[in-house]
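No value in this document is a laboratory result; all are computed from the given coordinates. Bear in mind that the values here come from a model prediction, so they are computed numbers and not experimental data. FYI the Cβ positions are ideal-geometry reconstructions off the backbone, even for glycines, and counts take in every protein chain you see.
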Amino acid sequence: MKKLILASTAIALAACNGEGDAAGSGDLPVADAPVEAVEAPEGQAWSEVVTMTEAGGYLMGNPDAAVKLVEYGSLTCSHCARFDVDSHEAIADYVDSGRMSFEFRNYVRDPVDITASLLARCVSKDRFFAVNSALFASQDQWFGNNLPAIQQAVQGLQSAPPAEQFKAIAEAAGLKTALAQRGLPPAKADACLADSAAATRLVSMKNTADADLPISGTPAFMINGVMPSEPMGWATLNEKLRAALGEPAAADEAPAAAE
């Protein structure tokens, strides 16, 4: 893990996907008939049901849903941020039907990504997706605007233990303040930033994905275990999800009759 952290002082952005919204060529699932809705546990919506998976991700919704969407995402990737802003409300609607679950797996690309991910995963699991989306929505502020200060902090700690690097990055990026405003006490944030086992799990999640999957950039997706061979944004992915759920393509839907 330390090698990955110290090798990333330039805060490279190359692993983030380009602007393309190309359709993938993988053999993605297509339902023969509409998938039926599944009632949520009493007193809850499926989007409020969050569990941890064996892969280390956070899963929102019905664990037994017919359609399982997995995203490999990076908190410092601008295209991941755009995807989250474009999609999170629609994904929650799909999840609330009980027909689809959504799992987010961190694909950490640099020490800032690890720092932000440690803090996002420091909150209670039922608040993870709200905090993750908030970090994506404010990425321009805590990452973009503060990048010079972050780079300076990292460069000044080349030989420091990872926990000290993460704490310095969190301070330079204003992440501790941002998370405190969302209910994460500074002392708990510091404890999570010093959790070497949690940082190792994040790096291992990326390494496992690199070894097992054809990930060329982020965000990357799987639908029922199938990964498209090319990157796609929300517009294209939404059509793939509709097909997997047995819904007509948006262009095929008949317009509502005029009253």
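Odds and ends about this structure:
- Computed helical MRE - 222 nm, the chain, DSSP H runs ≥ 4 contributing -39500 (n - 2.57), nearest 500: -12500 deg cm²/dmol
- Chain lengthening between Val226 and Lys188 when straightened (0.36 nm per residue, less Cα-Cα): 9.9 nm
- Mean-square fluctuations from a GNM of the chain, with a 10 angstrom spring cutoff on Cα atoms, peak among Val226, Val70, Val154 at Val226.
- Across the chain, C-alpha contacts under 8 Å between residues 6 or more apart give a mean separation that, scaled by the residue count, equals a relative contact order of 34 percent.
- Local electrostatic count at Thr76 - Lys and Arg +1, Asp and Glu -1, tallied over other residues with Cβ under 12 Å: -2
- Residue among Ala66, Ala211, Ala199 with the largest mean-square fluctuation in a Gaussian network model of the chain, springs linking Cα atoms under 10 Å: Ala211
- For the pair Gln152 and Thr208, label points projected 7 Å from Cα toward Cβ lie 3.9 nm apart.
- Among 71-82, 214-225, the order from most to least packed when residues are scored by Cβ within 10 Å on average: 71-82, 214-225
- Ranked by the mean number of other Cβ atoms within 10 Å of their residues, highest first, the peptides 162-172, 85-95, 236-246 fall in the order 162-172, 236-246, 85-95.
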